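Notes for the one structure printed next.
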Amino acid sequence: MVTKLKANNSEDIDVIQKNLIINDFSIQVATPNGSGSQTSNLVLLRSLFKMGIPSSGKNLFPSNIQGMPTWYTIRCSQDGYVARRDSIQILVLMNPETAVQDITNIQSGGVCLYPENAKYNFDREDITYYSMPVKRLAKESGVSSALRPYVSNMVYVGALASILGIELLEIESALSWHFKGRQKLVDTNMPVIQAAFDWSQENLTKTDPFQAQRANATDGTIMVDGNLAAALGAIYGGVTVMAWYPITPSTSLADSLTQYAGLLRHDENGKATYSIIQAEDELAAVGMVIGAGWAGARAMTATSGPGISLMSEFAGFGYYAEIPAVIWDVQRVGPSTGLPTRVSQGDLTTCHWSSHGDTEHICLLPGTVAECFEFGWRAFDIAEQYQTPVFVLSDLDLGMNMWMTKPFDYPDKPMSRGKVLTADQVAKNGFKRYFDLDGDGIPYRTLPGTNQPGAAYFTRGSGHDQSAKYSEDPQDYVENMSRLRRKIDYSREKLPAPIRELNESASIGFVGFGSTDPAIIESRDRLAAIGVESSYLRVRALPISLTVSDFVASHDRVYVIEMNIEGQLHKLIRIQYPDLATKLCSLAHCDGLPLTASWIVNQILEKESCHNGKIKQ
Amino acid sequence: MVKSSSNTNLIGLEKKDYKGSPTTLCAGCGHNSISSQIITVAFELGIQPEQVIKISGIGCSSKSPAYFMDRSFAFNSVHGRMPSVASGAMLANRDLITIGISGDGDTGSIGLGQFKHVMRRNTPMVYIVENNGVYGLTKGQFSVTADEGQNNKYYGKNDLPPLDLCLEAIVAECGFVARSFAGDPKQVRPLLKAAISYDGAALLDIISPCVAFNNTSASTKGYDWVKDHDDPLHDITYVPVQEEITTQYEPGETSVVTLHDGSQIVLRKLDESYDPTDKLGAIQALHNADTEESLLTGLIYYNPNRISLIRSENLVESPLAHLVAKDLRPPEDSLKQIMSSL
Ligand SMILES: Cc1ncc(C[n+]2csc(CCOP(=O)(O)OP(=O)(O)O)c2C)c(N)n1
Ligand code: SF4
Ligand SMILES: [Mg+2]
């Protein structure tokens with residue numbers, strides 16, 4: 001049944017207007033991968049955002065270049081919630097392959113927008129259907145037939161603009177922004193959008209309640225993906241050597257670094273103050289980083305799970321030989337290839353304990369794009385201060401999707417290059433590479449090339465004494481390892497501290513890290529609305545701050561929420577505080593999609609229902 | 001500059017300033033001879049030891065950096081991955097001189113990928129393979145350079161053909177490919193000097209017999225075999241820029257190759273027709289030597305036109321490691337601009 005929604009009477013329109021749902025809906029665009037819908041989707045997202053409506057966009061894409069189904073979801077939220085939403089209000093159905101399931105997923109009262117000749121099953125009567133003459137408008141646009149599938153996607157932009165009230169001016173400027181001001185490209189696309197808009201105005205009668213309305217809730221914010229944020233952070237952190245090997249979802253971090261370092265990091269003669277090397281594999285990428293960090297560069301790599309596995313031997317080397325390095329892990333679903341284009345937080349313990357032997361690496365856990373930027377520069381300071389590899393764990397959702405954020409703050413601290421001795425200092429005071437002079441576990445180092453007898457030392461992954469001499473002496477080994485332990489412990493409270501929101505009246509607390517932040521924030525509000533108060537602590541670094549114990553102790557139950565199967569953060573906290581284990585409950589979930597508030601709310605209601613009758617339902 | 005006396009070099013250092021710690025390798029191990037050639041050459045060239053980084057993988061050979069030039073910085077890395085560490089270090093500090101030490105297992109097996117890629121990438125470094133045809137440190141397994149049909153006490157007969165590392169290097173576009181024999185200091189030294197002068201990755205595949213596991217007279221990597229079959233390609237004399245003594249060679253007998261730093265190697269051709277800049281000729285020569293079961297030594301291939309990693313990266317003159325915050329952190333305005341463009 002195709003509903004041709006025409007000529008409703010004014011009574012109907014009245015009802016709609018009374019029940020208008022303004023700036024609070026999710027749009028899902030279903031297309032085959034590689035059909036060129038990215039421009040359309042990003043333009044839609046940006047237009048809504050520029051209308052002042054808090055919006056977020058997430059690409060749910062397959063590991064495939066062309067053909068397999070892909071979805072793009074845009075969430076508009078008056079209240080500023082940016083987590084993924086389970087329910088879909090507006091579906092743009094461009095992919096027949098997924099039609100059955102996609103239509104099933106639309107929330108009752110929702111909308112389905114589809115190309116007019118599509119033969120979908122239109123059984124559901126609780127949703128509104130709008131058809132669009134996609135083929136005809138694409139043909140009339142005059143573009144070559146090869147480009148038609150691509151401009152077809154502009155048709156739904158125009159139709160949505162008409163149905164939802166997205167401003168065409170914003171669409172045009174979003175197009176122009178997207179094409180970096182190249183007017184020719186705007187001129188190819190905009191007429192199709194305009195034609196679709198005009199057609200929809202003429203031929204579609206709005207019977208759905210959804211409305212995009214100009215607001216001012218995005219003033220002073222920008223929209224950016226976490227990988228670009230991380231790349232900028234690295235540039236402002238003074239990265240000098242970046243070695244990497246392509247892998248989704250970290251590739252765009254290297255690409256952004258290449259793009260912006262090219263703009264920002266040349267001297268007056270056009271010579272580069274950095275080097276970016278696409279290595280032959282991750283073994284080499286991390287080897288270059290370790291070699292460069294040893295020789296005094298601010299060196300980094302960016303990878304994802306499979307690369308992390310390959311890097312582990314060098315990570316242990318860097319830990320034991322005490323070499324600064326920054327390793328970004330933009331996490332995806334593992335083990336092995338897993339779901340390579342889907343999000344997870346499954347590398348937490350792998351990174352923290354990367355390598356054979358006893359290691360415990362410092363890990364930074366950004367939860368927002370602003371923190372991707374901040375930890376992007378801070379990671380170098382930390383790596384050089386502690387002379388150790390630092391892992392920064394982002395993920396596919398944070399890294400590749402677009403997020404609203406306040407503009408990033410310029411680094412508020414001067415660069416800290418750690419304990420590096422000059423030739424003069426060596427001449428005056430001597431030098432013992434692994435001697436703990438200051439009692440913080442952090443020794444002094446010299447850089448290769450330091451022109452002073454006594455400055456050189458031997459870096460090795462084999463046993464060594466305080467002077468870096470080869471040693472298999474049991475005592476040397478134990479002393480060295482316990483100093484490393486002291487060093488890592490010393491870092492604990494100096495790393496980015498947990499962010500805590502204490503709620504005096506809450507008996508339960510949430511602990512999370514990384515990109516689950518928006519889902520947790522939203523779930524707390526929703527739970528509070530039904531009388532379930534909660535506190536929240538977001539861990540931002542490993543080793544875990546000791547303040548976590550107070551947080552756990554001051555609540556009856558603490559739910560550790562994370563996107564993996566094993567409850568990795570939950571395990572880490574339990575290891576650190578076995579006495580608190582009975583208070584800690586794991587809420588671990590990973591299906592490849594960004595976590596939703598609904599999932600958390602449902603879990604909490606289920607778990608809490610056996611604890612008290614406080615929930616009014 | 002410090003005046004040089006008879007036992008000091010150009011920069012006023014004595015030979016002992018280039019010494020390493022006492023070796024812990026087997027007495028008579030070929031690797032030790034190579035260490036002492038490095039000491040001599042670095043001393044003779046007047047290299048500042050602190051400017052040198054000695055980088056190695058894992059193996060008996062890779063332990064060698066401990067046994068020469070104690071005043072240099074050393075990095076005994078992980079198995080097969082010395083090239084990546086060297087590349088990173090050179091990117092960080094282009095003023096360093098890298099001596100990479102590896103073994104035939106470290107380079108030819110686990111590290112074959114990094115070996116070929118560092119040649120292709122052309123990181124300025126001397127890449128020494130101390131080639132003994134076995135895994136010394138893990139006690140005598142065959143390596144990829146072991147001869148086909150060779151016998152071994154524990155592992156029986158080797159059925160697989162060897163890889164020729166010089167051939168691999170040429171195919172990977174290495175611009176300086178040489179082979180020598182650890183027990184032939186007269187040839188090793190000039191080759192080493194030339195390799196240090198080369199602006200790019202320079203391979204020295206040095207046959208370095210293992211006295212413990214591979215010194216049978218039948219192995220091409222044993223002392224006896226090499227001494228009998230050594231077929232020197234060139235008599236090489238390295239002439240540092242400081243001493244112009246090239247005149248004593250009659251024109252027609254020599255082929256002069258000018259290196260990037262202006263210094264020259266003079267090749268006396270034993271085989272008049274051999275031209276080290278002819279790539280296919282070099283491959284042919286290696287092939288012929290292989291079929292004749294002889295060992296080609298000398299500078300096998302030379303290409304002065306390859307651009308080193310440091311140059312292709314268009315780096316600032318000052319080492320990246322020496323740049324300070326004002327060079328590295330773009331000003332606040334630039335961030336504001338980017339923010340408003342997003
Ligand atoms: C990842 C890894 N695998 C295996 C080893 C064990 N191992 C140490 S040395 C070596 C072989 C070294 O052979 P070669 O490079 O020829 O050096 P040689 O001892 O002959 O000089 C092996 C397999 C290791 N250290 N690391
Ligand atoms: S085992 Fe062989 S390679 Fe190792 S030190 Fe002894 S002689 Fe040298
Ligand atoms: Mg060997």
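The values are calculated or read from the model by the stated rules, or taken from the named source; none is laboratory data. This structure is a prediction, so every number in the text was calculated from the model and none was measured. Every residue, glycine as well, gets a Cβ built from its backbone with ideal geometry; the counts of neighbours run over all protein chains shown. Calculation scope for accessible area: heavy atoms of the full protein, side chains included, ligands and nucleic acids excluded. Shrake-Rupley method; radii C 1.70, N 1.55, O 1.52, S 1.80 Å.
Which one is surrounded by the most Cβ atoms within 10 Å (Cβ to Cβ) among residues in segment B:52-80 that are within 16 Å of ligand 2 (Cβ to nearest atom) and small (Gly, Ala, Ser)? Among them, the one singled out is B:Ser61.
The condition (being within 25 Å of A:Met415 (Cα to Cα), free of Cβ contacts under 8 Å to residues at least 24 places away in the same chain and surrounded by fewer than 24 Cβ atoms within 10 Å (Cβ to Cβ)) is satisfied by just one residue among A:Ala272, A:Ala261: A:Ala272. Name the residue that is nearest to the other protein chains (Cβ to nearest Cβ), counting only residues in segment A:432-464 that are touching a Phe, Trp or Tyr at 6+ places or on another chain (Cβ under 7 Å) and farther than 29 Å from B:Gly59 by Cβ. Here the answer is A:Tyr444.
The residues listed here are A:Ala243, A:Ala215; of these, the one that is in contact (Cβ under 8 Å) with a residue 12 or more places away in the chain, more than 10 Å from every other protein chain (Cβ to nearest Cβ) and of a type outside the set (Ser, Thr, Tyr) is A:Ala215. For segment B:57-85, a residue qualifies if it is within 9 Å of ligand 1 (Cβ to nearest atom) and in a helix (DSSP H, G or I), and the qualifying residues are B:Cys60, B:Ser61, B:Ser62, B:Lys63, B:Ser64. None of A:Asn121, A:Asn105, A:Asn95 is under 35 Å from the mean Cα position of the chain (by Cα) and over 21 Å from A:Gln38 (Cα atoms) except A:Asn105.
Scanning segment A:489-520 for residues that are part of a helix (DSSP H, G or I) and either at positive phi or buried (at least 20 other Cβ atoms within 10 Å of the Cβ) (or both) gives A:Ser491, A:Gly514, A:Ser515, A:Thr516, A:Asp517, A:Pro518, A:Ala519, A:Ile520. In the set (1) surrounded by 24 or more Cβ atoms within 10 Å (Cβ to Cβ); (2) of a type in the set (Lys, Arg); (3) more than 14 Å from ligand 3 (Cβ to nearest atom), the condition left unmet by B:Lys221 is number (3). Here segment B:163-202 is the region considered, the condition is being away from ligand 2 (no atom under 16 Å from the Cβ) and under 12 Å from B:Asn131 (Cα atoms), and the residue that is farthest from the other protein chains (Cβ to nearest Cβ) is B:Ser180. Being on the phi < 0 side of the Ramachandran plot, touching a residue at least 24 places away in the same chain (Cβ under 8 Å) and more than 16 Å from ligand 1 (Cβ to nearest atom) is true for just one of B:Ser143, B:Ser180. Which residue is that? Within the list B:Ser143, B:Ser180, the selection yields B:Ser180. Among the residues of segment A:303-323, at least one is part of a loop (DSSP other than H, G, I, E, B) and closer than 23 Å to A:Pro594 by Cβ. For segment A:369-487, the helices (runs of 4 or more DSSP H) that sit wholly inside it and include 2 or more residues that are buried (at least 20 other Cβ atoms within 10 Å of the Cβ) are A:369-386, A:396-400.
Selection within segment B:5-51: residues that are open to solvent by 40 Å² or more (accessible area, probe 1.4 Å), more than 14 Å from every other protein chain (Cβ to nearest Cβ) and touching a residue at least 24 places away in the same chain (Cβ under 8 Å). The member of this set that is nearest to ligand 2 (Cβ to nearest atom) is B:Cys26.
A:Met311 fulfils the conditions (1) closer than 24 Å to A:Ala295 by Cβ; (2) surrounded by fewer than 20 Cβ atoms within 10 Å (Cβ to Cβ) except for a single criterion, (2).
If you go through segment A:357-409 and pick out every residue that is within 25 Å of A:Gly463 (Cα to Cα) and within 12 Å of chain B (Cβ to nearest Cβ), you end up with 1. Looking only at residues of segment B:86-115 that are within 16 Å of ligand 1 (Cβ to nearest atom) and surrounded by fewer than 24 Cβ atoms within 10 Å (Cβ to Cβ), we find that the one that is farthest from the other protein chains (Cβ to nearest Cβ) is B:Ser109.
Taken over segment B:116-131, the criterion of being within 8 Å of ligand 1 (Cβ to nearest atom) and either open to solvent by 10 Å² or more (accessible area, probe 1.4 Å) or in contact with a His (Cβ under 6 Å, 6 or more places away or on another chain) (or both) is satisfied by B:Glu130 alone.
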